[in-house]
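Please read the structure below before turning to the comments.
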Number of protein chains: 2
Amino acid sequence: MNYFSSDFKLGILGGGQLGKMLLFDTRKFDIQTYVLDPSDEAPCKIACNHFFQGDLMDFDTVYNFGKKVDVLTFEIELVNLEALEKLEAEGLKVYPSPKTLRGIQNKGRQKDFYAENNIPTAPYQRFENLEGLKSKVTSSEIVMPFVWKCTEFGYDGNGVKIVRQIADLDSLPNVECIAEEMIPFKNELAVIVCRNPSGEIKTYPVVEMEFHPEANQVEYVICPARIDDAVAEKARAIALNVSQNFNHVGLLAVEMFQTVDDEVIVNEVAPRPHNSGHYSIEASYTSQFENHLRAILDLPLGNTDSKVAGIMVNLVGAEGFSGNVVYQNIEKILAWDGVTPHIYGKKQTRPFRKMGHVTIANENMAEARRIAQEVKNTIRVISS
Amino acid sequence: MNYFSSDFKLGILGGGQLGKMLLFDTRKFDIQTYVLDPSDEAPCKIACNHFFQGDLMDFDTVYNFGKKVDVLTFEIELVNLEALEKLEAEGLKVYPSPKTLRGIQNKGRQKDFYAENNIPTAPYQRFENLEGLKSKVTSSEIVMPFVWKCTEFGYDGNGVKIVRQIADLDSLPNVECIAEEMIPFKNELAVIVCRNPSGEIKTYPVVEMEFHPEANQVEYVICPARIDDAVAEKARAIALNVSQNFNHVGLLAVEMFQTVDDEVIVNEVAPRPHNSGHYSIEASYTSQFENHLRAILDLPLGNTDSKVAGIMVNLVGAEGFSGNVVYQNIEKILAWDGVTPHIYGKKQTRPFRKMGHVTIANENMAEARRIAQEVKNTIRVISS
């Protein structure tokens, strides 16, 4: 198949920042792209060849969009799965497959999948609704504290809550959910696995999410993780195992915990380019986005090794600011070695909205970490 | 000035591959772009915010385009200089400045500039037309062989010829020209200098152009050049000197020869992103394109050091093929470590047309060079 400067058409469901960064590589390879997104101001609107505005959860919209393209992928999990299944049944290449997505979209099913495949994960129970959970808490069959997760439509920390006392349950929505045992952990790790339909498979190095000690918010994604080799090897092996069991195509980001006993357990997965892999644009031989593209087109995968240490700092809207975005002090951080901001292109900021990220690339990890902290303390996403 | 996700407008004259690669960085920073190009199929047509089709040498077209934007730059030197001068006189920021461009656009003036500023360059004589040159050759005041160059509108090796015998003169057009002494050289080198209006200035490492032993065609651009440190230092110092004398803003690519006596002399310059800097996308901390953008916006310049060795192979149309392009064996080269093709997006190939390039990034220069040779021997730009 000839993808390059040809009539071949790649469809992408979702037009956000992940799609935007994927478009850098479709442009680099001159592959024609079709993008569907509900927003008329989607970051992908320019740089794709054809933009369509529409609801990603609507069967007809997704189905009709899929009929226009030769290969279909997505940059967000919240898409109409039935439409993908019908398109695949009709012969369209949909990567990752609807089957993989079905196993992941619902967090209860995802946990069951780990249990069935002997993949280490925190013990959990599934509930059809909040009432079922409440009765087990009341009867002390589930002990607090525990982690509540809604099984569907959660995103970026929404739909996850630590329940410490009965009263906490009252603030939860009455939806399908799981209750997960709280496992004390030292580190939150992630490994991105890449696989093409021919079965070639590669893993990126283990990254570490460093949290703010008080705010419990990821501050830095650090590659490679500053952990023992033995733990890193265990994490990569588990990620590979997850990937092989899902039999997925494209990227699979596997988020894990390193427990206080140096065990590694799976938290959750995302079948797409992932925030924990953004560092790869600058630090890796082949970025996660290029490898996603190579994978879904069944091209050979690129080298996932790093050229240098990479640290990513998320740029989220500062509290107390809403409106036309201003990146305060961006000219200061640009003066430091190996600092590259990525501005996603959202015109309006809101508190905690993901507006961009900054990568720090450096030969020396300690120096990268020092600069990352300066970046974090200097740039602010405010409004004009 | 707020450039990021704002109403600020950057204008780019020329919509070819250099502009296309510059757009990766305007997109990364979410800077609004306007592009003017004569072709409706220009590689920049998507990924810029607003595309205009028009003649770059036409005064009114360039002037009217310039009136729409806040800062104006170009990716090709063959643009209407008078329009740029009028726009600048009316207060528009034009970078590089029309003055710099005027000193470069005509190769005779460029040579005079080197002479006036004591910048080493091959001895030359200027002629208003071919007749003037002929009479000096006939009278043996100019000895053969020498290098004939037309002073204007030459591009990519057009307008340059080695004159070895009187008969060679007959094939030359009757235009303004220079005759340049042939200086035996060991290596063709280049240094890209970057400078912002505040006067911050940085140079990229010296690169080496490796020629095919018979075809006398650049086959590889290699960074860093495999030359003595003393020669490299001399080349960087000369490039800095050229840049300071031109007082340019943006990128200035300085092409030089390393003579058999290890002297370094200037061949010619280009005030824009340059083929000899394409390796920087993968191998440098900050690519030439990002640094051009930073420079013309008077932002701090990024680190010009390399993360790893980088080699670039040009992809030009193979002889005997014209029509819809096919990149034969591209899937083979994608399987090798650190290999990244850049496809410019021209749908039609012709013999020797620049269709793309391939970068090889590797920790080890010898390994990079080995892979580069494999790439060169494997991929072919043909037609379907």
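Data for the structure
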quantity: Residue under evaluation residue B:363, criteria (1) more than 7 Å from chain A (Cβ to nearest Cβ); (2) surrounded by 24 or more Cβ atoms within 10 Å (Cβ to Cβ), criterion not met; calculated: (2)
quantity: Condition broken by residue B:231, with the remaining ones in (1) among the β-branched types (Val, Ile, Thr); (2) touching a Ser or Thr at 6+ places or on another chain (Cβ under 6 Å); (3) away from chain A (no Cβ under 14 Å) satisfied; calculated: (2)
quantity: Region A:343-362 residues that are in the same structural domain as residue A:276 (by TED's automatic domain parsing), paired with ones that are part of a strand (DSSP E or B) and charged (D, E, K, R) (beta carbon under 9 Å, 6 or more apart); calculated: A:344/A:354; A:346/A:354
quantity: Single unsatisfied condition, residue A:267 versus (1) under 21 Å from residue A:189 (Cα atoms); (2) touching a Ser or Thr at 6+ places or on another chain (Cβ under 7 Å); calculated: (2)
quantity: Residue under evaluation residue B:86, criteria (1) within 29 Å of residue A:28 (Cβ to Cβ); (2) modelled with pLDDT of 95 or more; (3) of a type outside the set (S, T, N, Q), criterion not met; calculated: (1)
quantity: Boolean, residue A:384 is small (Gly, Ala, Ser), more than 26 Å from residue B:283 (Cβ to Cβ), surrounded by fewer than 19 Cβ atoms within 10 Å (Cβ to Cβ) and modelled with pLDDT under 95; calculated: yes
quantity: Count of region A:321-340 residues which are in contact (Cβ under 8 Å) with a residue 24 or more places away in the chain and at the interface with chain B (Cβ under 7 Å from one of its Cβ atoms); calculated: 6
quantity: Residue tally, condition touching a residue at least 40 places away in the same chain (Cβ under 8 Å) and either farther than 21 Å from residue A:46 by Cα or within 22 Å of the chain's Cα centre (by Cα) (or both), over region B:49-74; calculated: 7
quantity: Members of region B:259-287 that are more than 14 Å from every other protein chain (Cβ to nearest Cβ), within 17 Å of the chain's Cα centre (by Cα) and of a type in the set (S, T, N, Q); calculated: B:267, B:275, B:276
quantity: Elements of type helices (runs of 4 or more DSSP H) in region B:9-89, at least 1 residues being away from chain A (no Cβ under 12 Å) and among the β-branched types (Val, Ile, Thr); calculated: B:59-66
quantity: Residue among A:324, A:303 that is of a type outside the set (Phe, Trp, Tyr) and within 23 Å of residue B:305 (Cβ to Cβ); calculated: A:303
quantity: Count of residues meeting criterion [buried (at least 19 other Cβ atoms within 10 Å of the Cβ) and either free of Cβ contacts under 8 Å to residues at least 40 places away in the same chain or under 28 Å from residue A:247 (Cα atoms) (or both)] in region A:211-223; calculated: 3
quantity: Among the residues listed as A:294, A:353, the single one being out of contact with any helix residue (DSSP H, G or I) (no Cβ under 7 Å at 6 or more places or on another chain) and facing chain B (nearest Cβ under 10 Å); calculated: A:294
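Let's see how each residue does on (1) over 30 Å from residue A:199 (Cβ atoms); (2) free of Cβ contacts under 8 Å to residues at least 40 places away in the same chain; (3) under 19 Å from the mean Cα position of the chain (by Cα):
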position	(1), (2), (3)
A:106	no, no, yes
A:120	no, no, no
A:144	yes, yes, no
A:147	yes, yes, no
A:151	yes, no, yes
A:163	yes, yes, no
A:166	yes, yes, no
A:169	yes, yes, no
A:175	yes, no, no
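The values are calculated or read from the model by the stated rules, or taken from the named source; none is laboratory data. Not measured: the values here are computed from a predicted model. For neighbour counting, all protein chains shown are included, and Cβ atoms are generated from backbone atoms with ideal geometry for every residue, glycine included.
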